[in-house]
Amino acid sequence: MSRCQDFGAGLARRGRRDGPAGLPEHACAIKVAPPRSLAFRPLRHIISILLQNEAGALARVANMFAARGYNIDSLSVAPTHDATVSRLTLVTRGSEQVINQIVQQTRKLIDVVEIEDLAARDHLECELVMLKVEARNGSAREVVDCVRRHRAQILDESESTRTVQLAGTGIEIDAFVAELARIAKVLELVRSGVAALSRGHQVLALPA
């Protein structure tokens, strides 16, 4: 229970115990908000978009989410096998109803060729992280051991640093970064953002 809820419940109990000699009646009229329904809990969405390679196209898509007050947790974009089209993968959180509305509005943008929420179906996702950590004395050996446990790679070594990378799910990357940060000081960190594809025969492709 949050501190706010404890405070509200405490006032109500005190008012009942003290009666007229206690707090004024209006001071006990604080209502504790009921728990939010699980239906309103924000869900994670992976929005995959095929986008024409036009100036300003990325900004127009991002603005569709910003206009509704939704943060973008990660965003990656790169050309596809078709040089005229890029694939954008965007991760956000929100109610299914509102995200569906944003997806339908985004579909109407002139630069958008196709769009889909991959979180609504079976999919594969991956992310890349690169870190540069301080590695001095005994910590250098511990960094190597940590890299091996997580099946990561050492990309570069210097007298006092190691640069490492790991490709995996967000959960795997979070665990790797947390463990490595306990061993050595993190000097730099960069994450690619999520890349995702549907499982099986389903594809996000240009309309026939």
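Kindly check whether there is at least one residue in the stretch 176-195 that is closer than 30 Å to Val85 by Cα, aliphatic (A, V, I, L, M) and surrounded by fewer than 18 Cβ atoms within 10 Å (Cβ to Cβ). Spell out the reasoning first.
Kept after step one, since they are closer than 30 Å to Val85 by Cα, are these residues of the stretch 176-195: 189-195.
Still in the list and also aliphatic (A, V, I, L, M): 189-190, 194-195.
Those left that are additionally surrounded by fewer than 18 Cβ atoms within 10 Å (Cβ to Cβ): 189-190.
So far as the stretch 176-195 goes, yes, one or more of its residues are closer than 30 Å to Val85 by Cα, aliphatic (A, V, I, L, M) and surrounded by fewer than 18 Cβ atoms within 10 Å (Cβ to Cβ).
Taking the stretch 196-208 as the search range and keeping residues that are aliphatic (A, V, I, L, M) and surrounded by 13 or more Cβ atoms within 10 Å (Cβ to Cβ), which one is nearest to the chain's Cα centre (by Cα)?
Step one: filter the stretch 196-208 for residues aliphatic (A, V, I, L, M), giving 196-197, 203-206, 208.
Pick out the ones that are also surrounded by 13 or more Cβ atoms within 10 Å (Cβ to Cβ) and you get 196-197, 204.
On the way: Ala196: 13, Leu197: 17, Leu204: 22 Å.
My answer is Ala196.
Yes or no, residue by residue, for (1) closer than 21 Å to Ala196 by Cβ; (2) surrounded by fewer than 17 Cβ atoms within 10 Å (Cβ to Cβ); (3) of a type outside the set (Gly, Ala, Ser):
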| position | (1), (2), (3) |
| --- | --- |
| Leu90 | yes, no, yes |
| Gln105 | no, yes, yes |
| Lys132 | no, no, yes |
| Cys146 | no, no, yes |
| Val164 | no, no, yes |
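Would you confirm whether or not the stretch 69-91 contains a residue that is within 18 Å of the chain's Cα centre (by Cα), at pLDDT 90 or above and assigned to a helix (DSSP H, G or I)?
Within the stretch 69-91, none of the residues are within 18 Å of the chain's Cα centre (by Cα), at pLDDT 90 or above and assigned to a helix (DSSP H, G or I).
Evaluate the stretch 136-147: report whether one residue or more is under 26 Å from Val61 (Cβ atoms), outside the structural domain of Ala57 (by TED's automatic domain parsing), of a type in the set (D, E, K, R) and in contact (Cβ under 8 Å) with a residue 40 or more places away in the chain.
At the first step, the residues of the stretch 136-147 found to be under 26 Å from Val61 (Cβ atoms) are none.
No: the stretch 136-147 contains no residue that is under 26 Å from Val61 (Cβ atoms), outside the structural domain of Ala57 (by TED's automatic domain parsing), of a type in the set (D, E, K, R) and in contact (Cβ under 8 Å) with a residue 40 or more places away in the chain.
Let's see how each residue does on (1) crowded, with 20+ Cβ neighbours inside 10 Å; (2) assigned by TED's automatic domain parsing to the domain that holds Glu114; (3) charged (D, E, K, R):
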| position | (1), (2), (3) |
| --- | --- |
| Ile47 | yes, yes, no |
| Leu51 | yes, yes, no |
| Arg68 | no, yes, yes |
| Ile72 | no, yes, no |
| Leu75 | no, yes, no |
| Ala78 | no, yes, no |
| Ala83 | no, yes, no |
| Ser86 | yes, yes, no |
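Could you please give the count of residues in the stretch 128-149 that are farther than 15 Å from Val186 by Cβ and touching a helix residue (DSSP H, G or I) at 6+ places or on another chain (Cβ under 9 Å)?
The qualifying residues number 3.
Could you tell me which of the residues Ile154, Ile183, Ile171, Ile110 is more than 16 Å from the chain's Cα centre (by Cα) and closer than 30 Å to Gln97 by Cα?
Working: Ile154 fails: closer than 30 Å to Gln97 by Cα; Ile183 fails: closer than 30 Å to Gln97 by Cα; Ile171 fails: more than 16 Å from the chain's Cα centre (by Cα).
Answer to the check: Ile110.
Scan the stretch 115-169 for residues that are in a strand (DSSP E or B) and more than 28 Å from Ser74 (Cβ to Cβ) and report the count. Walk me through it before giving the result.
Restricting attention to the stretch 115-169, the residues satisfying the condition of being in a strand (DSSP E or B) are 115-117, 123-134, 153-157, 161-168.
Going one step further and asking which of them are more than 28 Å from Ser74 (Cβ to Cβ), we end up with 157.
Number satisfying all stated conditions: 1.
Does Leu204 satisfy being in the same structural domain as Ser48 (by TED's automatic domain parsing) and at pLDDT below 95?
Details: in the same structural domain as Ser48 (by TED's automatic domain parsing): no; at pLDDT below 95: yes.
No: the conditions fail for Leu204.
The values are calculated or read from the model by the stated rules, or taken from the named source; none is laboratory data. Since the structure is predicted, the reported quantities are computational estimates derived from the model, not experimental observations. Backbone-built Cβ (ideal geometry, glycine too); neighbour counts: all protein chains shown.
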